[in-house]
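The values are calculated or read from the model by the stated rules, or taken from the named source; none is laboratory data. For clarity, every value in this text was computed on a predicted model and none was experimentally measured. No Cβ is skipped: glycine too gets one built from the backbone with ideal geometry, and neighbour counts run over all protein chains shown. Surface areas here come from the heavy atoms of the whole protein model, side chains and all, with no ligands, DNA or RNA. Shrake-Rupley method; radii C 1.70, N 1.55, O 1.52, S 1.80 Å.
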Amino acid sequence: MAISEDQLETWSHQGSVQQSSATYLSIKKVLEDSNAPYAGRRFDVFLQGSYGNKTNVWSESDVDVAICLTSVYYSDTGRLSADEKERYDANWSSANYSFKDFRAEVSAWLRANFGNSVTLGKKAIKVPGGSSRRDADVLACVQHRDYYSYPTNGRPSYHEGICFWTSDGDKIINYPHQHLANCTAKNGNANERFKPNIRVLKNMRNAMIDAGLIADGIAPSYFVEGMLYNIPNDHFNWTHQQTVENALTWLEGCNVPDLVCANERYYLVRDGSNVCWNSNDFRATLTAMRRYWNSSAR
């Protein structure tokens, strides 16, 4: 039997807002301090992840904050023609300040303000919470440009994203602003039913982990959002029960390689990519969702 509508409605509610907002503002104030070692450079600070997208559930604790250096950028010119690439090269100049420099200065500044418990993780800088502040992951990153046009006259065209390197040396390029804008548009086009049902599926995933149906970590929130982003707008019904059934049925019958991330810059499911969901984890998640949904042992 399906999960009761009352339970799904409870799951659809957004998690903590006040404390996460206070956490973001506290960290943003420090990052934008005029005494920071990188203060003379151009950068943007913004909230990303579930809190930024307003899809957070009560069990989520970490607030994701990004500080993106914009006075320096990295680029991909692979889609330019030979002539366009030549024009790009003629206008390009090497920077004397790198991502590595920026991350080191951001890390040192956060440690100076929040103490030695601030640590550098694989991707982000970990800032432990305090009495009125949640734990936070601060991602130091740099603007990335994926060029697709570089005309003789007029402005070049590119997709603007962010990039950073993990502690293992892997370069990751992502598009958080496109993700946020597309999810907001999708929510409006789906009669404000998209984001509440993301929260339903995320809570259902957590319940599945507790029940031992899937391992923790194989269904990250980012990919759960991407999974639901592909569902046609008319499948978002006024009841959560019908919406979840519609979503599971559609996903079970879709062509998985065609699924895209919510940023629409990457496919959702691809093996061997650090920005995509691997196929085994995707299928394990979908199978477990159907099993849990159909189970009456709850």
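A few points about this structure:
- For region 150-192, the Kirkwood radius over C-alpha pairs fed into Stokes-Einstein at 37 °C and 0.692 mPa s yields D = 248 µm² per second.
- For Val275, the solvent-accessible surface computed with a 1.4 Å probe is close to 10 Å², ligands and nucleic acids excluded.
- Cut-off 15 Å between beta-carbons: net charge of the residues surrounding Ser117, Lys and Arg +1, Asp and Glu -1: +1
- For the chain, calculated [θ]222 nm from helices alone, where every DSSP H run of n ≥ 4 adds -39500 (n - 2.57): -13000 deg cm²/dmol
- Given their separation in residues at 0.36 nm each and the Cα-Cα distance between them, Ala215 and Asn96 gain 38.4 nm when the chain is fully extended.
- Sum of side-chain charges, Lys85 neighbourhood, beta-carbon under 15 Å (Lys, Arg +1; Asp, Glu -1): -3
- Stretched out straight at 0.36 nm per residue, the stretch from Ser59 to Asn294 would grow longer than its current Cα-Cα span by 82.2 nm.
- Rough spin-label spacing in nm, given labels placed 7 Å along Cα→Cβ, for Gln14 and Asn233: 2.1
- Considering region 1-141, its Cα convex hull presents a mean projected area of 13.0 nm².
- In the chain, the inverse of the mean reciprocal separation of distinct Cα atoms equals 20.9 Å; this is its Kirkwood hydrodynamic radius.
- Prolate/oblate/rounded call for region 232-282, Cα gyration tensor, a/c under 1.5 rounded: prolate
- Computed over protein heavy atoms with a 1.4 Å probe, the carbon and sulfur contribution to the accessible area of region 115-252 reaches 46%.
- Residues whose amide H falls under 5 Å from that of Leu139, counting only those 5 or more places apart or on a different chain, are Val65, Ala66, Ile67, Ile125, with hydrogens built in the peptide plane.
- Percent of Cα-Cα distances greater than 27 Å, calculated over region 167-298: 16
- Over region 117-161, the ratio between the Cα radius of gyration and 2.2 N^0.38 Å evaluates to 1.96.
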